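The values are calculated or read from the model by the stated rules, or taken from the named source; none is laboratory data. Not measured: the values here are computed from a predicted model. When we count neighbours, we look across all protein chains shown, and the Cβ atoms used for this are built from the backbone with ideal geometry, even at glycine.
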Amino acid sequence: MGVAVLVGTRKGLFVLEGDAERRKWKLNGPLLTGFAVYHAIRDPRDGALYAATNFFGGGTVHRSSDNGENWERAEELGLPEDGELKLNATWHVEPGGNGELWLGGDPGVLFRSDDQGVTWQANDAILNHETRDRWAPGAGGMCLHSINVDPNDPKRLVIGISAAGVFRSDDGGESWEPANKGTAADFLPDPLPEVGQCVHKVLVHPAQPDRLWQQNHCGVYRSDDRGTSWERLDGNGLPSDFGFALMLDPSDPDTAFTIPEESAMNRVAPNNRLGVYRTRDAGSSWELLKNGLPQQAWVGVLREASAWDGQQPNGLYFGTQTGSVLASSDGGESWHEAARWLPPVLSVETAEWP
Amino acid sequence: MAVVKLPALLAREAGGQREFESDAATLGDALRALPVRNLCLDEHGELRRLVNVFVDGDDVRGGAGLETPLRADSKVLVVTAIAGGQSSR
């Protein structure tokens, strides 16, 4: 098994197959042409590919059991007919702890499938959450983009919705509790509200599931109590509080990576210096990793467009809106361009590849 | 039989078939019989935004919508709206 990088773009899905050193990449694709692939995964349980696919009319999910040669589309996916809301887009697919799959979408909705993505049931507790009237869409719509399943207990879930905030469940999604205390929403009258935060990405550390990392519209945060409280970290050497991408090292809960952008108004690398910032002390300090990254670049990286592979050493990957994929096979010390001239990159994931 | 013609993306999702014959009485019945019904219609059973349908040359959104009656020789054209480069994201 080697490592592959699944690159969802505005115009289809590409698969980058790495060599043993993860230095050379064979480009396959595009698959699913005609669809914008907001996110794609390879389910480690059965090797099936899933893609959150969007087209001119809306969003759906495709599944392939032969590494992308043939695709089947979800047969039942939508919000209840007796409600006012409709599914605007599909955003993120995540394998659950048992046989289930989770799917996040716009307008701030979550679905579960227990039949490998053929039919999807909307999660009632999120759809009818008591705080929904205080949620608002961000520039990317009201997207449910982050889904984390506790590796030790699949009933413990943490999700992120922009701009509603972080929510957690202890009962497999039967109920959801806001987990935004101490995270800012500078764009609201109350800058520290219960909900309404514009979380850009929230990740649970797989080896220490009470530790959460968050890149928000207003700051970078860490929680050590599963979101009960958050500590703000972007004053500790990051050039900006704004950004989308967030990466982890599964072997070290104190390590995290962000790719800051200048500001909400100017969503490009700060000072046009495309760089990955790394902390190895739980966010107390951050250092710029730039070896192999362009000195001058006016690019942005979207919230789903970064990933890690968990190999030794850890491989890191991100894609730009200018269609490049940058890769590091040494934990971020050095970077190389794994692909260029792709359509704008919407998502990056890694997979073990046969 | 009426004939339903699909745009390229929907035809590919329908297994490569671009034209379907239909003896349905209404447009809604004809679309609901397609293998790509859930790409033409949303979860409320309504035409998806940016999917336009012409029956014998007339845009059904200005007429009877999915209740538009089909004749035995009706030509149904499903097209994607010209959204002028509007990004899907």
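If you go through the range A:277-334 and keep only what is crowded, with 21+ Cβ neighbours inside 10 Å and basic (K, R), you end up with just A:R303.
Is there a residue being at pLDDT 95 or above, at positive phi and more than 21 Å from the chain's Cα centre (by Cα) anywhere in the range A:16-29? Taking every residue of the range A:16-29 in turn, at least one turns out to be at pLDDT 95 or above, at positive phi and more than 21 Å from the chain's Cα centre (by Cα).
Within the range A:135-192, which residues are surrounded by fewer than 21 Cβ atoms within 10 Å (Cβ to Cβ), assigned to a loop (DSSP other than H, G, I, E, B) and touching a Cys at 6+ places or on another chain (Cβ under 6 Å)? Once the filter is applied, which keeps residues that are surrounded by fewer than 21 Cβ atoms within 10 Å (Cβ to Cβ), assigned to a loop (DSSP other than H, G, I, E, B) and touching a Cys at 6+ places or on another chain (Cβ under 6 Å), the range A:135-192 yields A:A184, A:D186. All but one of (1) modelled with pLDDT of 95 or more; (2) outside any loop (DSSP other than H, G, I, E, B) hold for A:N271, so report the exception by its number. Answer for A:N271: the failing condition is (1). Among the residues of the range A:273-323, the one identified as without any contact (Cβ under 8 Å) to a residue 24 or more places away in the chain and touching a Lys or Arg at 6+ places or on another chain (Cβ under 6 Å) is A:G275. Cβ-Cβ contacts under 9 Å between residues 6 or more apart (or on different chains), taken from a first residue in the range A:77-93 that is at the interface with chain B (Cβ under 9 Å from one of its Cβ atoms) to a second residue that is surrounded by 21 or more Cβ atoms within 10 Å (Cβ to Cβ) and of a type in the set (S, T, Y), are listed as A:L77/A:T60; A:L77/A:T90; A:L77/A:S113; A:L87/A:T60; A:A89/A:Y38. Tell me which residues, restricted to the range A:37-62, are assigned to a strand (DSSP E or B), within 13 Å of chain B (Cβ to nearest Cβ) and of a type outside the set (G, A, S). Scanning the range A:37-62 gives A:V37, A:Y38, A:H39, A:T53, A:N54, A:F55, A:T60, A:V61, A:H62. If you check A:L32 against the conditions, is it more than 13 Å from A:V348 (Cα to Cα) and either crowded, with 22+ Cβ neighbours inside 10 Å or more than 14 Å from every other protein chain (Cβ to nearest Cβ) (or both)? Considered against the rule, which asks whether it is more than 13 Å from A:V348 (Cα to Cα) and either crowded, with 22+ Cβ neighbours inside 10 Å or more than 14 Å from every other protein chain (Cβ to nearest Cβ) (or both), A:L32 comes out as yes. Filtered by the rule that a residue be in a loop (DSSP other than H, G, I, E, B) and buried (at least 18 other Cβ atoms within 10 Å of the Cβ), the range A:194-205 gives A:V195, A:G196, A:Q197, A:C198, A:H205. The residue list B:L31, B:L10, B:L6 contains one member that is buried (at least 18 other Cβ atoms within 10 Å of the Cβ), under 18 Å from A:H62 (Cα atoms) and within 14 Å of chain A (Cβ to nearest Cβ), which is B:L10.
Within the range A:14-34, at least one residue is outside any loop (DSSP other than H, G, I, E, B), touching a residue at least 12 places away in the same chain (Cβ under 8 Å) and β-branched (V, I, T).
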